[in-house]
Amino acid sequence: MKIKKLLMVVMVLIASTAVFANGAKESGAAKVDADGKVIIRVGAMPYYLSVPLQVIMDEKLDNKYGFKLEVINFPSGGPMAEALGAGQWDIGPIGAGGMIAVPTYNAKLIADVEATMDGAWIVARPDSDIVKAGANIKALPEVIGSAETLKGKTILGTIGNISHYMGLDYINQFGLGMKDINFIHMETAQVYTSFLAGNGDVACLGSPSAALKLQKAGYPVVGGLKQQDISQQDAILISDNFYKNNYKDAVNFMKAWYEATDKLNADFEYEVAMSKKFYQANGRTDFTDEGVRQESEFNTYVDSSTAFDKEVGAWMTGLVAFMVENGSMDKEVLEAMKTNVKLDVVKDALK
Amino acid sequence: MSDRKEKTFWAVVSLSLLTIVWFFASQMESMKTLLPNPVDVFKFLVAGAISPIGQHNIWGHILWSLSRVFVGYTLAAVCGIVIGSAMAWTKVGEAIIKPFYLLLRPIPSIAWIPLAILWFGIDEKSKYFIIFIGTLLIIMTNVYDGVRSVDKNLLGAARMLGAKENQLFFKVVLPSAVPQIFSGLQVGLGAAWATMVAAEMIRSSEGAGWIIIMGQNSVNMVQIYAGIILIGVVGLFLVTAMRFLEAKLCAWNIRGK
Amino acid sequence: MKRLKINKFRVISAVTLCVFVLVWYLVTAVFGLFPKTMLPSPDSVFFSFIKKLTSTVPDGGTLFEHIFASLVVALTGYVIGVGVGLPVGISMAWFRPVDHFVRPVFDFLRTIPGIAWIPIFTVWLGIGLSAKAAIIFVGVFVGTVVNVYSGIKQTNEVHIWVAQIFGASKIEILKRVAIPSALPYIFTGLRVSLGMAWLGLIAAELLAAQKGLGYMIQVARNFGRSDLVIVGMITIGIMGALLTLALEFVERRVVKGI
Amino acid sequence: MFLKIDNINKTFTSEAGNNEVLKNVHFDIKENEFVVIFGPGQCGKSTLLNIIAGLEKESSGNVYLEDKKVTKPGPDRAVVYQNILLFPWLTVMGNVEFGPKSRGIKKSIRQKDAQEYIDLVGLNGFEKSFPVKLSGGMKQRVGIARAYCSKPKVMLMDEPFGALDAQTRYLMQEEVVRISAHEKRTVLFVTNNIEEAIYLADRIIVMTNCPSTIQKEYVIDLPRPRDYTSEEFLRLRQEISSIVEFTR
């Protein structure tokens, strides 16, 4: 009887360690492919911020700069940040989801993606009193609504991503806080379906394509990152492990990245064509020609000439500071933001 | 044979009746936004059968989903039977496994998504894990009940005929638990197929669940309904195939259909 | 001798749990095989569990508020699901025409998971309690109908013949013979459906939420707080087990004779 | 002495109180003797049989088979139950060869053996069918064939025909006489049917009601095959039933 019991306990021990061990993070330097080129796993999302990757692939810039590009696609920032924590990709452009990757997974922020970015908007119902209240903030003429009309209203958004930041900044403009309104959390796609189906008074939309569609469907834009002068700047993050072990390859990647952004900024039609090609290849069925053209008009990439115009990572740090103040993240996180913004990779890339 | 013919006849009658009701409902003004026209949905499905939605046509999507269900399900079936019987047959096994079982049983498989990503990454492995963990607990329950409800007299008869203690499990307990195990496999398969949609919420660029999620991203109600019908039809097919298999393998069972 | 035996197995269970936590602790805190975010150590999970009892970071609610909100959603869906499932299950098993028409649709809908209904229920029922309860309803309804259907079908023919000889109508036989004899199955159905109600919780809270265990896990995930994710999962596990035990307690009290 | 039942007592203890079933049961059985344990109602006979088979523990006293104490079930004592207890997932052949198979006897030998007993009980041609497809009488024949096939020293038959209809019961009684003539074996046959007892037995042990003990023994030396209507058969039947107190 004794041996049987011992056997059972040992079995449980092995089983549980096996389960944990199986998932151990792949640490160590990046893998190398057949002809000796380093494979760089680049995280991406089928949106504006990742279009330069399509240029790198088409123009074979990865071969030119001595690395092999492998694109790993994500539906949104949340899973993409988690995957960085799990060591699934090395470097890549990410949006608000990056705010947790830098402090929590010790990822490094090395560059900003866009010089100006629009498309993340807040919309309301055309006949609502919010819209009738009109613009009431001198400094922000495009921000519509008022404290009285917004108090107690239902706001749809996703806690933990850009829509949450944008939504709360919007009501802060009128001196309102989380307690004064009814913030309902759901995934981005669900925000869109629920609002269209007549639920909620205001919808905060992080994804540009959904915002564009609602605007075209006649829902007036009452706020947004650009309108509230907190224009989003997605950032290029690099995993702690890749930064330590493959610094040289990161520099090569950034060289290819800037050559791609230079080409995109230089030719508007080329940018529209590349965007459409990238979205189609990654299974998006919801974009329209006109939508992509509008998107390329609003936004411009940071390219080799404008790399150091603005303070790199300023927007991301502002976002994290907001989350700390709002009680969603702890204070030490701010510290990590300061130390993890690294400019050396870009400096070497543009030498 | 007539029973199965009768069943399919009634299935056709009632499902077509449902579609007709759906058709008239979708014409009514008030229901316009709520319900897409079934004709569009079936057109979408037919179109999807030929030209691709995203990277595959619907057969490709179904195959992708079935591949995930197949791997996760077979793993869960094997482990479920082994762990379930260990839990039911040996007192020590029960003492060790039962606490984990009671704690994990009520946890829905979607709750595992965050950990699945962190442990198994974002590709197929994490989907297999989600389907595995969801199905394992269901199969384990049935195996546990099946092994536990073996007729003690049969054990007496086997002992009387000279079977030794260690032979009893494989010679008497397991065979007599087969009907219960099979019903567990059947329910498990239904659950595995349903969990697959959760698994495809992690990150997928193909699969029946992906069609619905993509439909939701672009608020294409026709695509959402098409996805649901696809999952329902394939799910129904899987369960009936399993029932057919059971009738074949459990011919000796009094409960045979 | 009997009393000692039970304790012995309780001890083994306790030992196994401690060994598991020890292995977990060794693998995470001591050897540091896994980064904190990938697999938090048991002590960090425990401390954030204690902290979460009072603090509202990051999702704006304490653990108790989340548990309460989840219970409300799950139990509403459960009550409606059983309330509709019982009559449908009974009539499906007892009246042939109902079986012919309802069963194929039921078998078709059975394999469709709660999540797939999210977009549809959002459009039909909005984003309030009714929509979330509807997601729970789907699972509970299936669980109840399946068990009640097999319960009524198991009624012993002999009892039916005897009742027929005494001139009882089909409805009376149902009331006085079929349902009483199906009671154990009906209770199994109630127990299974309660499990299903709880299993549907996360899907329901994916539709929309301000409070709830599923919501807590989602937000924790967005903030990379895998310790809170594990706290949420363990709480769901414990609450689910408690719910089943509570129902078993009620069942023992009510089903005395059978 | 071949099989010795030495002062067996059995009391079932439960929350509802103690229920004494067997009180100092004491008798011996010679080898290859067909002994019938006869008594009214359902009290103690099956328990005694289960104790001999080793499936039940006696409260006190001992059972010796060839002077060896009996403690747990074994192939030397085969049991045929009233509710037959065939393995539903095994075919007729599978059931009959179960005993030898568990004892690791080579396939060819045990299947030849099993076939012999299947033919003996008249089920030739049904080797491949499942129990669910057989009638009550046929299932009982498989039970008997299965018991014989495990080569027991003692055949313990616990009211094997209790659940059969009258015609099949008479038929099975003749079968048992025919088989036990062919397969010389010690048999302990429990029944509450007086005609069955007289028809089958070399010796009848009559037991009292609860708590049952030995009331009387009768040696039956009528020639075989016995005739239910013969005048000697009816006299014996009258005498035995007069001494047995049937519970009103």
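The values are calculated or read from the model by the stated rules, or taken from the named source; none is laboratory data. On a predicted model such as this, the values are computed, not experimentally measured, just so you know. Reconstructed Cβ throughout: ideal geometry from the backbone, glycine too, with neighbour counts over all protein chains shown.
Please go through segment D:71-125 and pick out each residue that is touching a strand residue (DSSP E or B) at 6+ places or on another chain (Cβ under 7 Å) and of a type in the set (A, V, I, L, M).
D:A78, D:V79, D:V80
Look through B:V147, B:V178 and report the one residue that is closer than 26 Å to D:K101 by Cα and facing another protein chain (nearest Cβ under 7 Å).
On inspection, the qualifying residue turns out to be B:V178.
Out of segment C:84-113, which residues are closer than 23 Å to C:I186 by Cβ, in contact (Cβ under 8 Å) with a residue 12 or more places away in the chain and facing another protein chain (nearest Cβ under 8 Å)?
Residues satisfying the conditions are C:V102, C:L109, C:R110.
Tell me, yes or no, whether segment D:95-104 has at least one residue that is more than 30 Å from D:S14 (Cβ to Cβ), touching a residue at least 60 places away in the same chain (Cβ under 8 Å) and within 14 Å of another protein chain (Cβ to nearest Cβ).
We begin by selecting, within segment D:95-104, every residue more than 30 Å from D:S14 (Cβ to Cβ); these are D:95-104.
If we keep only those that are touching a residue at least 60 places away in the same chain (Cβ under 8 Å) as well, we get none.
Within segment D:95-104 (the criterion being more than 30 Å from D:S14 (Cβ to Cβ), touching a residue at least 60 places away in the same chain (Cβ under 8 Å) and within 14 Å of another protein chain (Cβ to nearest Cβ)), the answer is no, since none of the residues qualifies.
Of all residues in segment B:191-209 being out of contact with any strand residue (DSSP E or B) (no Cβ under 9 Å at 6 or more places or on another chain) and within 8 Å of another protein chain (Cβ to nearest Cβ), which is nearest to B:P52 (Cα to Cα)?
Ranking the qualifying residues of segment B:191-209, first place goes to B:G209.
Looking at segment C:59-80, which of its residues are of a type in the set (D, E) and surrounded by fewer than 17 Cβ atoms within 10 Å (Cβ to Cβ)? Full working, then the answer.
First, the residues of segment C:59-80 that are of a type in the set (D, E): C:59, C:65.
Once the filter is applied, which keeps residues that are of a type in the set (D, E) and surrounded by fewer than 17 Cβ atoms within 10 Å (Cβ to Cβ), segment C:59-80 yields only C:E65.
Residue by residue through segment A:249-276, note down the ones that are closer than 17 Å to A:K347 by Cβ and either of a type in the set (S, T, Y) or within 20 Å of the chain's Cα centre (by Cα) (or both).
Those that are closer than 17 Å to A:K347 by Cβ and either of a type in the set (S, T, Y) or within 20 Å of the chain's Cα centre (by Cα) (or both): A:A250, A:F253, A:M254, A:W257, A:Y258, A:T261.
Return the residue satisfying two criteria in turn: it lies in segment A:304-330 and is more than 20 Å from C:D59 (Cα to Cα) and aliphatic (A, V, I, L, M), and of such residues it is surrounded by the most Cβ atoms within 10 Å (Cβ to Cβ).
For segment A:304-330, the residue satisfying everything is A:M316.
Out of segment A:114-133, which residues are out of contact with any Phe, Trp or Tyr (no Cβ under 9 Å at 6 or more places or on another chain) and either within 11 Å of A:F298 (Cα to Cα) or small (G, A, S) (or both)? Reasoning before the result, please.
Of segment A:114-133, the ones out of contact with any Phe, Trp or Tyr (no Cβ under 9 Å at 6 or more places or on another chain) are A:120-121, A:127-133.
Result: A:A120, A:S128, A:A133.
Among D:D28, D:D67, which is the only one that is acidic (D, E), over 19 Å from the mean Cα position of the chain (by Cα), over 30 Å from B:L249 (Cβ atoms) and away from chain B (no Cβ under 14 Å)?
Sole residue among the options that is acidic (D, E), over 19 Å from the mean Cα position of the chain (by Cα), over 30 Å from B:L249 (Cβ atoms) and away from chain B (no Cβ under 14 Å): D:D67.
Would it be correct to say that D:E20 is assigned to a loop (DSSP other than H, G, I, E, B), farther than 29 Å from B:E165 by Cβ and either in the same structural domain as D:T191 (by TED's automatic domain parsing) or not aromatic (F, W, Y) (or both)?
The answer is no for D:E20.
Going residue by residue through segment B:70-79, is there one that turns out to be touching a helix residue (DSSP H, G or I) at 6+ places or on another chain (Cβ under 6 Å), assigned to a helix (DSSP H, G or I) and within 11 Å of chain C (Cβ to nearest Cβ)?
no
Are there any pairs, at least 6 apart or on different chains, whose C-beta atoms fall under 8 Å, with the first in segment D:10-26 and over 12 Å from D:S59 (Cα atoms) and the second charged (D, E, K, R) and surrounded by 13 or more Cβ atoms within 10 Å (Cβ to Cβ), and if so, which?
Here the result reads D:H26/D:D6, each pair linking segment D:10-26 to a residue that is charged (D, E, K, R) and surrounded by 13 or more Cβ atoms within 10 Å (Cβ to Cβ).
Could you tell me whether A:A256 is touching an Asp or Glu at 6+ places or on another chain (Cβ under 9 Å), surrounded by 15 or more Cβ atoms within 10 Å (Cβ to Cβ), among the hydrophobic types (A, V, I, L, M, F, W, C) and not assigned by TED's automatic domain parsing to the domain that holds A:D201? Walk me through how you get there before you give the answer.
Values: touching an Asp or Glu at 6+ places or on another chain (Cβ under 9 Å): yes; surrounded by 15 or more Cβ atoms within 10 Å (Cβ to Cβ): yes; among the hydrophobic types (A, V, I, L, M, F, W, C): yes; not assigned by TED's automatic domain parsing to the domain that holds A:D201: yes.
In short, yes.
Quickly run through segment D:70-94 and pick out the residues that are more than 8 Å from chain B (Cβ to nearest Cβ), under 16 Å from the mean Cα position of the chain (by Cα) and of a type outside the set (A, V, I, L, M, F, W, C).
The answer is D:D76, D:Q82.
Got at least one residue in segment D:134-147 being in contact with a helix residue (DSSP H, G or I) (Cβ under 8 Å, 6 or more places away or on another chain), buried (at least 18 other Cβ atoms within 10 Å of the Cβ), in the same structural domain as D:E31 (by TED's automatic domain parsing) and farther than 25 Å from D:E58 by Cα?
No: zero hits.
Hey, can you tell me all the residues within segment A:281-323 that are of a type in the set (S, T, N, Q) and more than 14 Å from chain B (Cβ to nearest Cβ)? First the steps, then the outcome.
To start, the set of residues in segment A:281-323 that are of a type in the set (S, T, N, Q) comprises A:282, A:285, A:288, A:294, A:296, A:299-300, A:304-306, A:317.
Matches in segment A:281-323: A:Q294, A:S296, A:N299, A:T300, A:S304, A:S305, A:T306, A:T317.
Hey, among D:I51, D:I5, which residue is under 24 Å from D:G99 (Cα atoms), out of contact with any Ser or Thr (no Cβ under 8 Å at 6 or more places or on another chain) and either within 13 Å of chain B (Cβ to nearest Cβ) or at pLDDT 85 or above (or both)?
Details: D:I5 fails: under 24 Å from D:G99 (Cα atoms).
After ruling out the rest, the residue left standing is D:I51.
Output the qualifying pairs, or none if there are none: Cβ atoms under 7 angstrom, residues six or more apart or on different chains, first residue in segment A:222-250 and over 20 Å from A:Y301 (Cβ atoms), second residue polar (S, T, N, Q).
Within 7 Å, the pairs are A:Q228/A:Q173; A:D240/A:N106; A:N241/A:S27.
Being of a type in the set (S, T, N, Q), within 14 Å of chain A (Cβ to nearest Cβ) and assigned to a helix (DSSP H, G or I) is the filter here; which residues of segment C:195-236 pass it? First the steps, then the outcome.
Of the residues in segment C:195-236, the ones of a type in the set (S, T, N, Q) are C:210, C:218, C:222, C:226, C:235.
Now drop any that are not within 14 Å of chain A (Cβ to nearest Cβ), which leaves C:210, C:218, C:222, C:226.
Correct list: C:Q218, C:N222, C:S226.
Does segment B:229-238 include one or more residues that are touching a strand residue (DSSP E or B) at 6+ places or on another chain (Cβ under 7 Å) and either within 17 Å of B:L45 (Cα to Cα) or away from chain C (no Cβ under 14 Å) (or both)? Break it down into steps so the answer makes sense when it comes.
Applying the first criterion (touching a strand residue (DSSP E or B) at 6+ places or on another chain (Cβ under 7 Å)) to segment B:229-238 yields none.
No, every residue in segment B:229-238 fails to be touching a strand residue (DSSP E or B) at 6+ places or on another chain (Cβ under 7 Å) and either within 17 Å of B:L45 (Cα to Cα) or away from chain C (no Cβ under 14 Å) (or both).
Residues that are in contact with a Gly (Cβ under 6 Å, 6 or more places away or on another chain): list the strands (runs of 3 or more DSSP E) wholly contained in segment A:144-218 that include at least 1 such residues. Before the answer, list the steps.
Details: elements: A:154-157, A:182-185, A:202-205.
Hits in segment A:144-218: A:154-157, A:202-205.
Step by step: first the residues of segment C:21-58, then only those that are in a loop (DSSP other than H, G, I, E, B) and of a type in the set (S, T, N, Q), then the one that is surrounded by the most Cβ atoms within 10 Å (Cβ to Cβ). Which residue is that?
Pass one, segment C:21-58, residues in a loop (DSSP other than H, G, I, E, B): C:31-41, C:55-58.
Keeping just the survivors that are of a type in the set (S, T, N, Q) gives C:37, C:41, C:55-56.
Values: C:T37: 22, C:S41: 20, C:S55: 13, C:T56: 13.
Here the answer is C:T37.
Could you tell me which of the residues D:K128, D:K112, D:K133, D:K139 is over 24 Å from D:E31 (Cα atoms) and touching a residue at least 40 places away in the same chain (Cβ under 8 Å)? So that I can check it myself, show each step before the final result.
On the way: D:K128 fails: touching a residue at least 40 places away in the same chain (Cβ under 8 Å); D:K112 fails: touching a residue at least 40 places away in the same chain (Cβ under 8 Å); D:K133 fails: touching a residue at least 40 places away in the same chain (Cβ under 8 Å).
Every option except D:K139 fails the conditions.
Among (1) in contact with a Gly (Cβ under 6 Å, 6 or more places away or on another chain); (2) at negative phi, where does A:F74 come up short?
(1)
Within segment B:40-56, can one find any residue that is touching an Asp or Glu at 6+ places or on another chain (Cβ under 8 Å) and assigned to a loop (DSSP other than H, G, I, E, B)?
Residues of segment B:40-56 that are touching an Asp or Glu at 6+ places or on another chain (Cβ under 8 Å), as a first pass: B:54-56.
Now narrow it down to the ones that are assigned to a loop (DSSP other than H, G, I, E, B): B:54-55.
Yes, segment B:40-56 contains a residue that is touching an Asp or Glu at 6+ places or on another chain (Cβ under 8 Å) and assigned to a loop (DSSP other than H, G, I, E, B).
Any residue in segment C:13-29 that is within 29 Å of C:L194 (Cβ to Cβ), without any contact (Cβ under 8 Å) to a residue 24 or more places away in the chain, more than 13 Å from chain A (Cβ to nearest Cβ) and not hydroxyl-bearing (S, T, Y)? It would help to see each step written out before you state the result.
The initial filter retains those residues of segment C:13-29 that are within 29 Å of C:L194 (Cβ to Cβ), namely C:13-14, C:16-17, C:20-21.
Adding the requirement that they be without any contact (Cβ under 8 Å) to a residue 24 or more places away in the chain leaves C:13-14, C:16-17, C:20-21.
Those left that are additionally more than 13 Å from chain A (Cβ to nearest Cβ): none.
There is no residue in segment C:13-29 that is within 29 Å of C:L194 (Cβ to Cβ), without any contact (Cβ under 8 Å) to a residue 24 or more places away in the chain, more than 13 Å from chain A (Cβ to nearest Cβ) and not hydroxyl-bearing (S, T, Y).
Right, C:G83: under 30 Å from A:N199 (Cβ atoms), surrounded by 21 or more Cβ atoms within 10 Å (Cβ to Cβ) and not β-branched (V, I, T) or not?
no
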